[in-house]
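I'd like to ask some things about the structure below.
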Amino acid sequence: MPTPAKQHHCSQCGKRFMQSSHLKDHKRIHTGEKPFQCSQCGKSFTHLGYLKSHARRHPGEKPFHCSQCGKRFSMSSNLKKHERIHSVEKPFHCSQCENSFTQLGQLEKHKRIHTGEKPFLCSHCGKSFTQSGTFKSHERTHSVEKPFQCSQCGKAFAQSGTLKSHERTHSVEKPFQCAQCGKGFTQMGSLKKHDRTHTGEKPFQCSQCGKGFTQIGSLKGHERTQHIQGRSLITAPSVKIILIYPVRAPERT
């Protein structure tokens, strides 16, 4: 059976269409015309279908629902991505290792492990990151933005991990436990400091005399009290000084 001829062609790029309406829609790519406008946010689109998909993102209409868990979505593509969670389907395979993924975006992120690519560059310090989430967290260290707030005291933090560590100060939770004595700590850093009391490790060394310390604070205290401008303080033997004051005679009246 012969294929119907595509009689309608674009004068700018030569692409051909079977229907004049399809050609009309196509021409908007060249003209930039966007006649379909969202009544809620004012955003415009070249095609009516694009407007309908966009409109579902506004609170309200979510016609696509998951048959297994009932979760609803505004777009069919988002439903398809979600449905892979319930199945073992992982159609996106890494060509360098045996890992597979449910979404193409997950595969793209994974590939950076092999390539070393770090596409997210900090404009403040030039540091690069493989993941956008890690990059966004880093950016907050340069700004005053602190979106993670403690519900108990109101203190705000730039990182969610820092908030979690802080929240333990309000509770009795001590998830980091010493393997040798069983003592618990709220912070991993506190456990590492404690471990040195068992191992005798002294990683902080004075650059002037070579003395080692278990804590950075102890090293700083040593440097302030024992070294001034690169020279060691020589402590003189203690000398007792007796001060004799003249005694004034009482005035005669």
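If each of T162 and K27 carries a label point 7 Å out from its Cα toward its Cβ, how far apart are those two points in nm?
5.7 nm
Shape verdict for the range 163-208, please, from the Cα gyration tensor: rounded (a/c under 1.5), prolate (a/b greater than b/c) or oblate.
Judged from the Cα gyration tensor, the range 163-208 comes out oblate (a/c at least 1.5, b/c at or above a/b).
Determine the gain in length on full extension of the stretch K15-S100; use 0.36 nm per residue of separation and subtract their C-alpha separation, reporting nm with one decimal.
26.8 nm
By count of other Cβ within 10 Å, fewest leading, how are L51, L121 ordered?
Fewest-to-most Cβ neighbours within 10 Å comes out as L121, L51.
Further, regarding this structure: Size of the dipole of the range 176-225 about the Cα centre, Lys and Arg at +1 and Asp and Glu at -1 on the beta carbon, nothing else charged, in debye to 20?
So the magnitude is around 100 debye.
Students often forget the sequence filter, so: which lysines lie under 21 Å Cα-Cα from K192 once same-chain residues fewer than 8 apart are removed?
Here the lysines satisfying the reach criterion relative to K192 are K164, K174, K183, K202, K211, K220.
Mind sorting H93, H54, H227 by how few other Cβ atoms lie within 10 Å of their own Cβ, fewest first?
Least crowded to most crowded, the residues run H93, H227, H54.
Read the figures in this text as sums done on the coordinates, not as results from a lab. Note that the coordinates shown come from a computational prediction; the quantities given were computed from them, not determined experimentally. Heads up, the Cβs are rebuilt from the backbone with ideal geometry, glycines too, and the neighbour counts pull from every protein chain shown.
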